[in-house]
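The values are calculated or read from the model by the stated rules, or taken from the named source; none is laboratory data. Keep in mind that what you see is a predicted model, and the values were worked out from it rather than measured. Here the Cβ is made from the backbone with ideal geometry for all residues, glycine too, and neighbour counts use every protein chain on show.
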Amino acid sequence: MKLPGIGGFYEAHSSNFTKGREGNTPQKFVVHHTAAFESTLRLLWQNPARNGSSHLFIGQGYYEQYVSLLDTAWTNGNWQSNLRSITAEVRGDWRGYRDQATLDSLTEAMYQSLKLFPDLTLSYHMDESTKTTLCPADLKHKGYALECWNKAKNRIAVEAKAATSPATLRIDIPDKKVKIIRDTNLWDMSFTSFAGARAIKALPAGTIIDVAGIYDHPLSKSDYYLSNYSWNAGKNWGINQADCEDYIEPKPTPPPTSVFAPIPAPNTLPAPKPPLPEPPTEGAGTLPPIPVDLNGDKLNEILVIVRWIKNLLAKIFKGE
């Protein structure tokens with residue numbers, strides 16, 4: 001049996017779980033935590049030498065499955081507990097907690113499990129194992145898993161209340177948000193006449209609502225929205241659809257562009273150097289001019305230069 005809504009079923013190796021439950025049915029939803037990713041668990045449970053498995057992996061916005069809910073996963077370190085448990089590895093770190101998206105997935109997995117097995121109770125690895133373990137750490141000690149469990153139970157309660165009220169509740173709708181366009185009320189959906197309708201609270205225009213379901217009430221021409229808040233709180237409350245419009249999250253505003261012209265990048269070429277001043281042609285400190293070989297003979301030019309240097313040195317050492 002597969003849990004509704006799973007992201008994938010990656011069956012564990014047959015040497016890592018037991019077919020059937022020896023006549024038992026699931027009685028507990030047992031929470032574990034893991035620092036591993038789902039890809040790691042797939043490899044572990046498909047390794048014939050692993051000697052272990054779990055029913056579910058709970059991730060950030062999804063969950064997946066490895067063992068049928070009608071079969072026995074080897075997870076709790078306690079055979080009798082394994083026979084009666086649905087086990088879930090919740091992605092996190094050593095503290096047993098990671099992010100709200102993962103907890104939302106845990107709530108959904110608990111909710112789907114409770115729909116299949118209404119008598120399930122919540123438990124934790126540390127309370128089931130015959131050996132000492134800290135698992136699932138903060139998921140138990142800080143109440144994160146219990147909060148998810150209560151939300152899941154409340155969702156079941158809302159559906160049960162709706163089943164006995166005139167309104168028909170549908171929850172198989174895409175995720176959406178709506179904005180209230182005028183001041184309105186939140187209504188108890190169990191009313192059987194408009195005169196007996198009970199307003200729970202006033203809701204101002206502009207309020208954004210996460211929609212979890214839609215009520216179809218036979219007395220009303222328009223449907224009513226069940227908010228995610230009411231669903232998680234176990235309240236059979238609705239908001240008239242006529243007072244709402246679909247809401248789309250605004251896209252992030254890009255940073256403003258400058259009104260000034262862009263500053264050009266600095267020139268990477270070196271600035272031209274100013275020309276060197278011409279040497280003085282007369283006066284103190286001047287050197288005698290280098291004579292020019294009028295014949296243009298290269299060897300003669302060299303000899304002329306050598307003689308010039310020789311004469312220059314002679315003048316220097318004579319102090320001229």
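Of note:
- Top-ranked residue in the stretch 153-190 [being small (Gly, Ala, Ser) and in contact (Cβ under 8 Å) with a residue 60 or more places away in the chain; ranked as nearest to Phe29 (Cα to Cα)]: Ala157
- Candidates Tyr215, Tyr225, filtered to the one that is hydroxyl-bearing (Ser, Thr, Tyr), in a strand (DSSP E or B) and either modelled with pLDDT under 95 or in contact with a Phe, Trp or Tyr (Cβ under 6 Å, 6 or more places away or on another chain) (or both): Tyr215
- Matching residues, the stretch 1-56, being in a helix (DSSP H, G or I) and basic (Lys, Arg): Arg42
- Test: Ile239 is on the phi < 0 side of the Ramachandran plot, crowded, with 20+ Cβ neighbours inside 10 Å and in the same structural domain as Asp188 (by TED's automatic domain parsing): yes
- Residue in the stretch 36-77 that is nearest to the chain's Cα centre (by Cα), counting only those that are modelled with pLDDT of 95 or more and acidic (Asp, Glu): Glu64
- Counting only helices (runs of 4 or more DSSP H) wholly contained in the stretch 68-181, the ones carrying 1 or more residues that are among the hydroxyl-bearing types (Ser, Thr, Tyr) occupy 79-83, 100-116, 144-163.
- Residue within the stretch 14-33 that is free of Cβ contacts under 8 Å to residues at least 60 places away in the same chain and under 30 Å from Asp175 (Cβ atoms) present: no
- Flag if Leu134 is over 24 Å from the mean Cα position of the chain (by Cα), modelled with pLDDT under 95 and surrounded by fewer than 16 Cβ atoms within 10 Å (Cβ to Cβ): yes
- Within the stretch 204-228, being surrounded by 12 or more Cβ atoms within 10 Å (Cβ to Cβ) and either touching a residue at least 60 places away in the same chain (Cβ under 8 Å) or touching an Asp or Glu at 6+ places or on another chain (Cβ under 7 Å) (or both) holds for Ile214, Tyr215, Asp216, Asp223, Leu226, Ser227, Asn228.
- Among (1) crowded, with 16+ Cβ neighbours inside 10 Å; (2) within 23 Å of Cys244 (Cα to Cα); (3) at pLDDT 95 or above; (4) not charged (D, E, K, R), the one test that Asn154 misses: (2)
- Subset of the stretch 1-52 that is among the acidic types (Asp, Glu) and over 20 Å from Phe117 (Cα atoms) - its residue that is surrounded by the most Cβ atoms within 10 Å (Cβ to Cβ): Glu38
- Test for Gln80: is it out of contact with any Lys or Arg (no Cβ under 8 Å at 6 or more places or on another chain), exposed (fewer than 14 other Cβ atoms within 10 Å of the Cβ), modelled with pLDDT of 95 or more and not assigned by TED's automatic domain parsing to the domain that holds Lys221: yes
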